[in-house]
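Presented below is the structure to which this report refers.
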Amino acid sequence: MTATLGKVSGPAGSAWAPLRVPTFRALWIAMLVSNIGTWMQTVGAQWLLVSIPGAEILVAMVQTATTLPGLLLALPAGVLADIFDRRHLLIAVQLFMTTVAAAMAVATALGEMTPALILTLTFALGSGAALTVPAFGALIPELVPRRELAHASALGAVSVNLARAVGPALASLVIAWIGIAAVFALNALSIAVFAAVLIAWRPGPMAASEDPERFLAALRAGGRYVRHSPVTRRILVRATLFVVPATALWALLPLVASRLLGVGAGGYGALMAALGVGAIVGAIALPHLHRLLRTNVALLVASATYAGCLLLIALWHDMLAVTVALVPAGVAWVAVLSTINAQMQLFLPVWVRARGLSAYQIVIFGGQALGALLWGTVATHAGLAWAFATAGAAMLLGAATIRLLPLFDTHHIDRNPTVYWPEPHLELEPEPEAGPVLVIVTYRVEPANEAAFVEALEQVGEGRRRTGATRWRLYRQGEHPWTFVEVFQVPSWEEHIRQHSHRATGFEVEAERRAYALAATAPEVAHLLPAGARSGHPLPAGAPNER
């Protein structure tokens, strides 16, 4: 696997192609409506707090309350999305969010809304969003062809950022004409629309699948996959280095409007609209951007552009200048995050897709939550200008690491699930929960192939850990120096069967084939079970013991 500034797999063709799929189109429109309501709610909640004492930290904490659940609930949400029916899960979550949004509207209309209640109910809505993101993201590859996944990701960014353009502007009009309670009521209606489309959607019959994983086992398996996937870890690093400083803009923009620029809700709506327009332009132009620039170079340019906007806000307090600068900032925001999100969706194997996306969600939501708190604190103690200047400098430092920590080139990696090992057959057929299971694979290697074999087995070991092994080591026999013994431990027999049945992809299979080609004879495999393991279905003596 290489990590270069070269071309990383990216989108090609029409940016609008996924909208030809009727189900995707209906869900995309419904999500757009819901996103508009979400941005209206954010503006309403922040504007309720702008004029009270301690507004700097309270306004920023609206962003924290919205995104912190993504940090706390992302992994459980990914597990739920991988082991339960995703459509049913989404429907239940949208109905819960509709109830919460309606409660916000009622409390505000009755004059009972306090800062604590605003943040509590906003946190509840953020919890619903945290449960929605991995389930909806994992549905997308089931709705559109793989070659259009990058475009579907970009269209997701179009939805979010069109909502950023429309939602704040619409919210400012509603606040001025009717009041903030109406904003919250419209948010409840927008979530209900998304729920209605999900209820009306009747997906076709799904192919029969194996029994769902147990919750805690699935949670641990997802964590192991992320820890032992260099590609996934690198994507998460790049997302972190961008999101944390970038959040200063979203978290503190209401204060920029009211204090640095001296404008009201209408002016704030115009600033948010400029960001949204830029993001829409960026999403539409993303396929062309990838054709013109290498992906890592595009990330560098976009990050530097965003940093320039942060620094301009710190130094130049002019409404027109800031509004104009926010357009390229919106382009940069969507260029970076759509690229990174598409890389995650394209790379993650099917069996762990929602859990992998939940790790991405942790970085995005958690980075925004912690970043908002950080920049709100800096603004409180040093002033808004210093907060933006510091965030801009941090963004430039992060962009400078792209040469050292670029995205990996993954276009050559086969991510299709592959059944490579025949299912193991033992004379003692253990119960699924029996474990831990120790697997011992013995290889005989010619001396000339030793170095290449050891290197190849290291990659095999990474694959074992990604697909379920909790421990892995390679040994050599002292009595027979050219005999190597691979030992790995799996939590249960059920987990090991999952390794055999569907977790390996073409990438893991190719690594094993390279290693086996360097061995002098076929590997010998033994499965060691706990001495007290019970047999589920004993096999007759002489039954084959295949790998």
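The values are calculated or read from the model by the stated rules, or taken from the named source; none is laboratory data. Note that the structure is predicted; figures quoted are calculated from it, not measured. Note that each Cβ is placed from the backbone with ideal geometry, even for glycine, and that neighbours are counted across all protein chains shown.
Data overview
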| item | result |
| --- | --- |
| Pairs, first farther than 18 Å from residue 276 by Cβ in region 306-326, second surrounded by fewer than 23 Cβ atoms within 10 Å (Cβ to Cβ) and modelled with pLDDT under 90, C-beta under 6 Å, six or more apart | 317/260 |
| Residue in region 293-312 that is among the basic types (Lys, Arg) and not in a helix (DSSP H, G or I) present | yes |
| Close pairs from region 219-244: first over 23 Å from residue 396 (Cα atoms), partner of a type in the set (Asp, Glu) and in a helix (DSSP H, G or I), Cβ under 9 Å, at least 6 apart | 221/495; 222/82; 228/462; 229/462; 230/462 |
| Scan of region 214-246 for residues that are part of a helix (DSSP H, G or I) and among the basic types (Lys, Arg), ordered by number | 220, 224, 227, 233, 234, 238 |
| Selection status of residue 56, at pLDDT below 80, out of contact with any strand residue (DSSP E or B) (no Cβ under 7 Å at 6 or more places or on another chain) and closer than 29 Å to residue 22 by Cα | no |
| Members of region 317-359 that are outside any helix (DSSP H, G or I) and more than 21 Å from residue 269 (Cβ to Cβ) | 348, 349 |
| Residue list for region 270-284, restricted to those being over 21 Å from residue 43 (Cβ atoms) and either more than 22 Å from the chain's Cα centre (by Cα) or at pLDDT 80 or above (or both) | 281, 282 |
| Residue within region 452-471 that is over 30 Å from residue 339 (Cβ atoms), hydroxyl-bearing (Ser, Thr, Tyr) and crowded, with 19+ Cβ neighbours inside 10 Å present | no |
| Test: residue 370 is within 9 Å of the chain's Cα centre (by Cα) and of a type outside the set (Val, Ile, Thr) | no |
| Unmet criterion (only one of (1) of a type in the set (Val, Ile, Thr); (2) in contact with a Ser or Thr (Cβ under 7 Å, 6 or more places away or on another chain); (3) closer than 17 Å to residue 242 by Cα) for residue 378 | (3) |
| Selection count, region 73-92, where residues are assigned to a helix (DSSP H, G or I), among the hydrophobic types (A, V, I, L, M, F, W, C) and over 12 Å from residue 128 (Cα atoms) | 5 |
| So residue 178, is it more than 30 Å from residue 347 (Cβ to Cβ), surrounded by fewer than 22 Cβ atoms within 10 Å (Cβ to Cβ) and at pLDDT 85 or above | yes |
| Selection count where residues are over 12 Å from residue 527 (Cα atoms) and part of a helix (DSSP H, G or I), scope region 476-496 | 2 |
| Boolean, residue 233 is buried (at least 20 other Cβ atoms within 10 Å of the Cβ), charged (D, E, K, R) and not assigned by TED's automatic domain parsing to the domain that holds residue 498 | no |
